[in-house]
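Participant: Attaching a single structure in structure tokens format; questions to follow.
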Amino acid sequence: MSDQEQTRPAEDRSPPEPEQTSPEQTPTPQTIPRAPGAGEQEQPPRRPEVEELEDRWRRALADLDNLRKRYARELPREREAERAKVAAAFLPVVDNLELALAHAGADDPGTIVSGVRAVRDQAVEVLRSLGYPRYDETGVPFQPEQHEVVSVVDEPDTTAGTVVQVLRPGYGEPGHQLRPAAVAVSRKWE
């Protein structure tokens, strides 16, 4: 670099300065007009009916919130209580099955069969008491809300759509079932 280049001032690359204007020429910022009554003015006093309705509304919201919280606390306890109730209803069935197994080596197989049948009847009664009665009727018309067709058979002496055999009993009532009955239904005889 030469001495001349070093002594020459560097070019100014900064943006040009704005032109100076007099205060009379300075533009004023535009203000947005405000709506009458807006701003820091107080609102007119409320009527007592409005205040009462607002108070009732706030209380109703608080009551609803408390109800939700109470329901969330009580739901697990209620479920557990129902499960314990159902399990307790089946305990005698389990006890009688254990008794039947203990007597399985008896000399008379007829007593074992009658004992197992009695235990089955007891279990069916427990289900009925819980709101799920057993249904295994034959000779009744097929009802899609209660029956599940597993097979269709030719039965000349019955009308079409009649339950002729129950392969697996159903439990419950229409709209409130554990399971539908598996049935064989008669078809139209030609």
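Participant: All but one of (1) modelled with pLDDT of 90 or more; (2) touching a Leu at 6+ places or on another chain (Cβ under 9 Å) hold for residue 86, so report the exception by its number.
Facilitator: Here residue 86 clears every test but (1).
Participant: Looking at the stretch 97-156, which of the residues that are in contact with a Phe, Trp or Tyr (Cβ under 9 Å, 6 or more places away or on another chain) and of a type in the set (D, E, K, R) is nearest to residue 169 (Cα to Cα)?
Facilitator: Looking at residues that are in contact with a Phe, Trp or Tyr (Cβ under 9 Å, 6 or more places away or on another chain) and of a type in the set (D, E, K, R), I get 134.
Participant: Please report, ordered by residue number, the strands (runs of 3 or more DSSP E) entirely within the stretch 116-190 with at least 1 residues that are surrounded by 12 or more Cβ atoms within 10 Å (Cβ to Cβ), in the same structural domain as residue 92 (by TED's automatic domain parsing) and under 32 Å from the mean Cα position of the chain (by Cα).
Facilitator: Working: elements: 147-153, 163-168, 170-173, 176-179, 181-186.
By residue number, no strands (runs of 3 or more DSSP E) qualify.
Participant: Looking only at the stretch 61-109, which residues are under 27 Å from the mean Cα position of the chain (by Cα) and of a type in the set (S, T, N, Q)?
Facilitator: 66
Participant: Here are some residues: 151, 114. Which one is small (Gly, Ala, Ser) and touching a strand residue (DSSP E or B) at 6+ places or on another chain (Cβ under 6 Å)? If you could, list the steps in order and put the result at the bottom.
Facilitator: Details: 114 fails: touching a strand residue (DSSP E or B) at 6+ places or on another chain (Cβ under 6 Å).
Among 151, 114, only 151 is small (Gly, Ala, Ser) and touching a strand residue (DSSP E or B) at 6+ places or on another chain (Cβ under 6 Å).
Participant: Can you tell which of 123, 88, 182, 100 is in contact with a Lys or Arg (Cβ under 6 Å, 6 or more places away or on another chain) and not β-branched (Val, Ile, Thr)? Show your work before the answer.
Facilitator: Details: 123 fails: in contact with a Lys or Arg (Cβ under 6 Å, 6 or more places away or on another chain); 88 fails: in contact with a Lys or Arg (Cβ under 6 Å, 6 or more places away or on another chain); 100 fails: in contact with a Lys or Arg (Cβ under 6 Å, 6 or more places away or on another chain).
Among 123, 88, 182, 100, only 182 is in contact with a Lys or Arg (Cβ under 6 Å, 6 or more places away or on another chain) and not β-branched (Val, Ile, Thr).
Participant: Name the pairs: first residue in the stretch 117-145 and closer than 20 Å to residue 97 by Cβ and in contact (Cβ under 8 Å) with a residue 24 or more places away in the chain, second residue outside any loop (DSSP other than H, G, I, E, B) and polar (S, T, N, Q), Cβ to Cβ under 7 Å, at least 6 apart or on different chains?
Facilitator: Listed by first residue and then by second, the contacts come to 119/96; 122/96.
Participant: Another question about this same structure. Spot the failing condition for residue 104; the list is (1) assigned to a loop (DSSP other than H, G, I, E, B); (2) assigned by TED's automatic domain parsing to the domain that holds residue 83; (3) under 30 Å from residue 83 (Cβ atoms), and only one is missed.
Facilitator: (3)
The values are calculated or read from the model by the stated rules, or taken from the named source; none is laboratory data. Predicted, not measured: the structure shown is a model, and the values here were computed from it. Cβ atoms come from the backbone with ideal geometry, glycine included; neighbour counts cover every protein chain shown.
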